[in-house]
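Enquirer: Mind looking over this structure? Questions follow.
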Amino acid sequence: MHGRLPPLSLYVHLPWCVRKCPYCDFNSYSAGNDAPRERYLDALLADLASEAERASGREIISIFLGGGTPSLFRPQQIGRLLDAAAASFRLTENIEITMEANPGTVECGDPAGYLQAGVNRLSIGAQSFDERALQILGRIHSVADIRRSVEAAGACGFSNINVDIMFALPGQDRTAAMSDIEQAVALEPTHISWYQLTLEPNTIFHARPPADLPDEDAAFEIQQHGQELLAGKGFEQYEVSAYARDGKRSAHNLNYWTFGDYLAIGAGAHGKISIDGEIFRYAKTANPQQYMEALESGESSVDLTPISSEERVFEFMLNALRLTNGFDEALFCDRTGLSPDHLRRRLLPAAGKGLIEEIQPGSWRTTALGGHFLNNLQAEFLPE
């Protein structure tokens, strides 16, 4: 590794939902309103202390509260967590602090309270503006709930709001998918995450796929039209599923996508850290009960697993290939500690197949063909 360390983010996992969605493969658990919030928060604060040691005084550029449904936690609880983070770490002056929220009336409590607690970017899981689609996806909110929650967040002072929507939904045609985008754009968010429904292993949808899923060609056609529509509305696509207005790209996600470092707190949270020229991965206990018990008994140590050179190439490329503007070899060397030769050896066969192109010396970008067959392109970089 070079002497310069990559940027450092903090991910916090809050694992409970009112109800788990059939497409979700995240480490999340149905709890209605019965999640042991205070007990879990105490465990998170203990976890923060050990992660602060791992940070060794490095600055944190972003915090992301993911789930589950973080908005099941009250603003005062989120405030306590963020105050502890500010006391434990050096935070950059303009730090991005994102919280995921669901638009269900049960969950999206008090946007003004979250803003006051220190959250400055809200990510609202709309998923669709079609009542039938919401039902199939197992969502507990209505279209009216989505509008109400986004409008309330804007009205109370949030100037950075992401709306999540999905496409290639059961029975969805191009017209319906474009209608979802139009309705999301009408709410004037600064960012839209628009991604394809995929049937992930260990989900209900994977075990029992819903009927009428659009085929690959239909999904690709929807994607192409959606990209054009979002561009026409002033949203710049900077990653496969991320579209920003007015430069409001997600600093936290960009750090993941460019192989930055990130600390992890919470049940099942994953971290990546550079130490003394090596890069390591680690993960926290996934089961929330066991996670809390471990921290309560003072057993919060984790195993750091080194990432080999071959794995670094693959993990860097896995995300860099998703970036619309591509990446520079210099960034690869900086973030992986490897030479350009390590990369070029693997790039040239993919370039020969027309999946990736050198747009100027040392700068590479996925081609339109590579974007269409992204999984195949990523597979080119699997460890040999």
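The values are calculated or read from the model by the stated rules, or taken from the named source; none is laboratory data. Nothing here was measured: the structure is a model prediction, and the numbers come from that model. Positions of Cβ are generated from backbone atoms using ideal geometry, with glycine treated the same way; all protein chains shown enter the neighbour counts.
Enquirer: When residues of region 321-369 are filtered for being within 22 Å of the chain's Cα centre (by Cα) and among the small types (Gly, Ala, Ser), how many remain? Give the steps one after another, and end with the answer.
Expert: Let us first name the residues in region 321-369 that are within 22 Å of the chain's Cα centre (by Cα), namely 321-327, 331-332, 335-336, 365-366.
Checking the rest, the ones that are also among the small types (Gly, Ala, Ser) come to 326.
Of the residues in region 321-369, 1 are within 22 Å of the chain's Cα centre (by Cα) and among the small types (Gly, Ala, Ser).
Enquirer: Further question on the same structure: Out of all the residues in region 164-173, which are on the phi > 0 side of the Ramachandran plot and either buried (at least 19 other Cβ atoms within 10 Å of the Cβ) or outside any loop (DSSP other than H, G, I, E, B) (or both)? Working first, answer last.
Expert: In the first step, residues of region 164-173 are kept if they are on the phi > 0 side of the Ramachandran plot; the result is 168, 171.
Residue satisfying the conditions is Ala168 alone.
Enquirer: What are the residues in region 74-85 that are touching a Phe, Trp or Tyr at 6+ places or on another chain (Cβ under 7 Å) and either crowded, with 21+ Cβ neighbours inside 10 Å or at pLDDT 95 or above (or both), if any? Can you show your working first?
Expert: Pass one, region 74-85, residues touching a Phe, Trp or Tyr at 6+ places or on another chain (Cβ under 7 Å): 75, 78.
Correct list: Ile78 only.
Enquirer: Go through the residues of region 199-211 one by one and say whether even a single one is out of contact with any helix residue (DSSP H, G or I) (no Cβ under 9 Å at 6 or more places or on another chain) and at pLDDT 95 or above.
Expert: No, because not a single residue in region 199-211 is out of contact with any helix residue (DSSP H, G or I) (no Cβ under 9 Å at 6 or more places or on another chain) and at pLDDT 95 or above.
Enquirer: Separate question: Would it be correct to say that Glu200 is among the acidic types (Asp, Glu), surrounded by fewer than 14 Cβ atoms within 10 Å (Cβ to Cβ) and touching a residue at least 12 places away in the same chain (Cβ under 8 Å)? Walk me through how you get there before you give the answer.
Expert: Values: among the acidic types (Asp, Glu): yes; surrounded by fewer than 14 Cβ atoms within 10 Å (Cβ to Cβ): yes; touching a residue at least 12 places away in the same chain (Cβ under 8 Å): yes.
Against the criterion (among the acidic types (Asp, Glu), surrounded by fewer than 14 Cβ atoms within 10 Å (Cβ to Cβ) and touching a residue at least 12 places away in the same chain (Cβ under 8 Å)), Glu200 qualifies.
Enquirer: Only one of Ser128, Ser71, Ser149 is surrounded by 21 or more Cβ atoms within 10 Å (Cβ to Cβ), within 21 Å of Ser193 (Cβ to Cβ), of a type in the set (Gly, Ala, Ser) and touching a Pro at 6+ places or on another chain (Cβ under 7 Å); which? Reasoning before the result, please.
Expert: Working: Ser128 fails: touching a Pro at 6+ places or on another chain (Cβ under 7 Å); Ser71 fails: touching a Pro at 6+ places or on another chain (Cβ under 7 Å).
Of Ser128, Ser71, Ser149, the one residue that is surrounded by 21 or more Cβ atoms within 10 Å (Cβ to Cβ), within 21 Å of Ser193 (Cβ to Cβ), of a type in the set (Gly, Ala, Ser) and touching a Pro at 6+ places or on another chain (Cβ under 7 Å) is Ser149.
Enquirer: Looking only at region 331-346, count how many residues are crowded, with 16+ Cβ neighbours inside 10 Å and assigned to a loop (DSSP other than H, G, I, E, B).
Expert: Number satisfying all stated conditions: 2.
Enquirer: Hey, does region 350-363 have a residue that's in contact (Cβ under 8 Å) with a residue 60 or more places away in the chain and part of a loop (DSSP other than H, G, I, E, B)? Walk me through how you get there before you give the answer.
Expert: Start the filter on region 350-363 by keeping residues that are in contact (Cβ under 8 Å) with a residue 60 or more places away in the chain, which leaves none.
No, region 350-363 has no match at all.
Enquirer: Test Asp180 against the criterion of being out of contact with any Gly (no Cβ under 7 Å at 6 or more places or on another chain) and exposed (fewer than 15 other Cβ atoms within 10 Å of the Cβ), and give yes or no. Walk me through it before giving the result.
Expert: Values: out of contact with any Gly (no Cβ under 7 Å at 6 or more places or on another chain): yes; exposed (fewer than 15 other Cβ atoms within 10 Å of the Cβ): no.
So Asp180 fails the test.
Enquirer: I'd like to verify a number: residues in region 241-266 that are hydrophobic (A, V, I, L, M, F, W, C), under 13 Å from the mean Cα position of the chain (by Cα) and over 22 Å from Leu374 (Cα atoms), how many?
Expert: Going residue by residue through region 241-266, those that are hydrophobic (A, V, I, L, M, F, W, C) are 242, 244, 251, 254, 257, 259, 263-265.
Right, trim to under 13 Å from the mean Cα position of the chain (by Cα) and you get 242, 251, 254, 257.
Still in the running and over 22 Å from Leu374 (Cα atoms): 251.
Of the residues in region 241-266, 1 are hydrophobic (A, V, I, L, M, F, W, C), under 13 Å from the mean Cα position of the chain (by Cα) and over 22 Å from Leu374 (Cα atoms).
Enquirer: While we're here: Would you please name the residue that is farthest from the chain's Cα centre (by Cα), looking only at residues in region 86-106 that are more than 17 Å from Leu254 (Cα to Cα) and surrounded by 24 or more Cβ atoms within 10 Å (Cβ to Cβ)? Reasoning before the result, please.
Expert: First pass over region 86-106, keeping only residues more than 17 Å from Leu254 (Cα to Cα): 86-91, 93, 101-106.
Now narrow it down to the ones that are surrounded by 24 or more Cβ atoms within 10 Å (Cβ to Cβ): 101-103.
Values: Ala101: 13, Asn102: 15, Pro103: 18 Å.
Only one residue fits best here, namely Pro103.
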